Each structure stands twice: as structure tokens, then as C-alpha cells.
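Chemist: Before anything else, here's the structure in question.
FYI, it's all coordinate maths here, none of it is from the lab. Bear in mind the structure is a predicted one, so any value in this text is a computation, not a measurement. Every residue, glycine among them, receives a Cβ derived from its backbone with ideal geometry; neighbour counts consider all protein chains shown.
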Amino acid sequence: MRAAASRGLTHLAITDHDRIDGALRARDVAPSELTVIVGSEVRTQAGDLIGLFLERAVPVGLPPAEAVQAIREQGGIVGLPHPFDRFRSSGAFGRSNDELLELAGLVDYVETWNARVMWGDGNLRAAQFAAANDLPAAAVSDAHTLLEVGVAYTIVDGRPATAAEMKAALDGARLSTGRSSRLIRAGMPVAKLVQRLRGNRRVIAG
């Protein structure tokens, strides 16, 4: 949060995988100049979705339509993250045209620029998909480290404080695009493995 505020961000969406406890804690202690949006990257049966403005976690492994319903029941909005990134659980990659049309009808916006799409044309295809389906575009840092916070971001008018205000603001959004270091991206699997091993050691020693 300090990194986000120091780099001029006014809103920070925290979207851990399949959980919101960290985002809730962050919202409670955020500095006054930074609005924390509680969210989650939700694993569905057909790839990941982003839920924003959540108050409780969304169950893992639902069909996409049910996951979207669970997000909307909380008054949240739904985003499609890195939809054509072949190296991650991306909801649009490898889908038929009919499946893509169904997916487009479920979401409120598309990540047309994800700073962690390192290779291929995933961001270009995402932008084309959003334009073809008249969906708002967003640029995200998808930060897993402090160095990545604010590498890419979405600029909207005003200071939207609710899901409805954010959804409306995204229609006129402007995107600032940057890309995360490939070195950082390549090092993340190693960092996750070390984290897992440390966690196991703590349990064993406990």
C-alpha cells in the first residue's frame, strides 16, 4: 500500500487467488489517500475471473456463470484477467467462438493490458476481444512484487467508491501500459517453491 500511494495511485485492487482476507486487512489500515478495493482472482472450471468489491470469498471450481452470480450477489463487478495468456489459467484461450461470446456476456471489463503477459500476442488479442464485444478495457500491473506495483494502471475520471461507480468510470478509461521485468516473472515459480517449503518446515517443526 505504501508503494502504491508513493507512486500516485489512488485505488489499489488486491486480488489474491481464491481469498480476500489479506485485502480486507489492507482496506482496514490503508492510508487515507488510497482506496483499497477488495477483490479476488477466482478459479472457475473454465479459467480465472476477477471479482471486485467483494465482502466474502467466492467458492473455487464453480462454472463461470455461477462464479459470476456469486460475485454479483455481493454487488461486485466481474473482470476477465489475461484472457489469452497461454501460460496461465486464462478463460478465453483455446475457446470456440460460441464459448467466447458466452464469456463476453458474463463480464464487465477485460484486462486488455496485463503487465505480466511476457510472450506472445495475448494482450493484443484481449484488446481485440474487448473491442469486438464492446467491453471496457483495463490495464493492470498484476503485481506479485513491490517493484511491479503501478507498472501498468487504468486512469478513470473521479474517485469511484462503489462497484456501480467503478463500472461506469471504466467506460471512459485510459490505459497506461508497462511491462514487468522478465527476470522477476521468471523468478516467481522459484519464490513460490521456497515459500511452500518454508511453510512445510513450520508445520513440521510446529
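Chemist: Taking a point 7 angstrom from the Cα of residue 56 along the C-beta vector, which residues in segment 1-40 have backbone N less than 15 Å away?
Modeler: Label zone hits: 19-21.
Chemist: Another question, then. Taking the Cα centre of the chain as the origin and placing charges on Cβ (Lys, Arg +1; Asp, Glu -1), which of 49, 172, 26 is farthest toward the positive end of the dipole?
Modeler: 26
Chemist: Relative contact order of segment 5-142: what whole-number percent is it, with Cα pairs under 8 angstrom and at least 6 residues apart? Show your work: numbers first, answer last.
Modeler: On the way: 282 pairs, mean separation 22.8, N = 138.
Over segment 5-142, the number comes to 17 percent.
Chemist: Taking the Cα of residue 171, stepping 7 Å toward and past its beta carbon, and measuring to each backbone N in segment 120-135: which are under 13 Å?
Modeler: 135
Chemist: Quick check on segment 33-191: of the DSSP beta bridges with both residues there, what percent are antiparallel, nearest 5%?
Modeler: Values: 12 of 20 bridges.
Here the antiparallel bridges make up roughly 60 percent for segment 33-191.
Chemist: Still on this structure, please answer the following. How do 167-180, 37-50, 140-153 rank on mean C-beta neighbours within 10 Å, highest first?
Modeler: With the highest mean Cβ count within 10 Å placed first, the list reads 37-50, 140-153, 167-180.
Chemist: Between the alpha-carbon centers of segment 73-116 and segment 28-58, tell me the distance in whole angstrom.
Modeler: Using only Cα atoms to place each centre, the spacing works out to 16 Å.
Chemist: Mark the label point 7 Å from the Cα of residue 159 along Cα→Cβ and return the residues of segment 25-58 whose backbone N is within less than 18 Å of it.
Modeler: Zone members listed by number: 27-38.
Chemist: About the Cα centre, and with charges only on the beta carbon of Lys, Arg (+1) and Asp, Glu (-1), how big is the dipole of segment 1-114? Nearest 20 debye, please.
Modeler: Numbers: 11 positive and 16 negative charges, 77 e Å.
Result for segment 1-114 is approximately 360 debye, rounded to the nearest 20.
Chemist: Follow-up. With charges set only on the Cβ (+1 for Lys and Arg, -1 for Asp and Glu), what does the dipole of segment 2-205 come to about its Cα centre, in debye to the nearest 20?
Modeler: On the way: 24 positive and 23 negative charges, 239 e Å.
Magnitude of the dipole: close to 1140 debye.
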